[in-house]
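Novice: One structure, as structure tokens, below. Some questions next.
The values are calculated or read from the model by the stated rules, or taken from the named source; none is laboratory data. Everything quoted here is computed from the prediction, not taken from an experiment. Cβ atoms come from the backbone with ideal geometry, glycine included; neighbour counts cover every protein chain shown.
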Amino acid sequence: MVLGRRIASLNPRELVVLSGVFLRYPLYLLPTYKATRKTVAMCDHLYKDLHHEDNRTNAFRHALWNYLICQYCLPVSKSPEKTMSWSKKITDLHERLSPNDELAKNMDIHNNRIGRELFYNSFGKKLEIIPVLQHMTAEAVKVQSLAEIEEVKEKLIFIDKLETPL
């Protein structure tokens, strides 16, 4: 599993940081894990291995991941704001510990934010998130610089030089 391999690849300092976060927020560990597994399973089902590149499907995965973390952690926190804060904390940590270059990290952080905003804006409403994100994925904007990321506020973004068929 990708998650297990990623954890196994962390150096001791990174493991301490990750452990410290979950020690401070132990009730979020299981819902975050379930959201992560659900996200990867859904992306594998929809896009096979394509979502592991810096393409449109990766944008979908990051937004879905944050949306589901918020959704799964809400029963624990009872607060959409707290779940959004947790989702930001844990996914920003993931980006900080990942081997991506700056452009890819910023792309992921941007798409993570979109997922959290979708959660917040749909709070209390019935939202079929998969079709919404698939539509957003089809309309994702290709960026090539950090400045371009700053210009795109409401859309998913990707940087892959090769267009990924959906």
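Novice: Taking into account only those residues within the range 111-147 that are among the charged types (D, E, K, R) and surrounded by 15 or more Cβ atoms within 10 Å (Cβ to Cβ), which is nearest to HIS94 (Cα to Cα)?
Specialist: Going through the qualifying residues, I end up with ARG113.
Novice: Which one of these does SER9 not meet: (1) surrounded by fewer than 20 Cβ atoms within 10 Å (Cβ to Cβ); (2) at pLDDT 85 or above; (3) not acidic (Asp, Glu)?
Specialist: (2)
Novice: Across the range 83-124, which residue is modelled with the lowest pLDDT among those that are among the charged types (D, E, K, R) and over 21 Å from LYS38 (Cα atoms)?
Specialist: The extreme case among them is ARG96.
Novice: Between a residue in the range 90-102 that is under 16 Å from ASP160 (Cβ atoms) and any residue that is small (Gly, Ala, Ser) and part of a helix (DSSP H, G or I), which pairs come within a Cβ distance under 8 Å, given they are 6 or more apart or on different chains?
Specialist: Nothing qualifies.
Novice: Residues to consider are ARG56, ARG24, ARG37; find the one that is among the charged types (D, E, K, R) and buried (at least 20 other Cβ atoms within 10 Å of the Cβ).
Specialist: ARG56
Novice: Same structure, new question: Tally the residues that are touching a residue at least 12 places away in the same chain (Cβ under 8 Å), polar (S, T, N, Q) and not in a loop (DSSP other than H, G, I, E, B), restricting the search to the range 120-150.
Specialist: So the count comes out to 2.
Novice: Among the residues of the range 35-66, which ones are among the charged types (D, E, K, R) and part of a helix (DSSP H, G or I)?
Specialist: If the condition is that a residue be among the charged types (D, E, K, R) and part of a helix (DSSP H, G or I), then ARG37, LYS38, ASP44, ARG56, ARG61 are the ones that fit.
Novice: Residues of the range 62-107 being within 24 Å of SER145 (Cβ to Cβ) and buried (at least 24 other Cβ atoms within 10 Å of the Cβ), which ones?
Specialist: Hits for the range 62-107 are HIS62, ALA63, ASN66, MET107.
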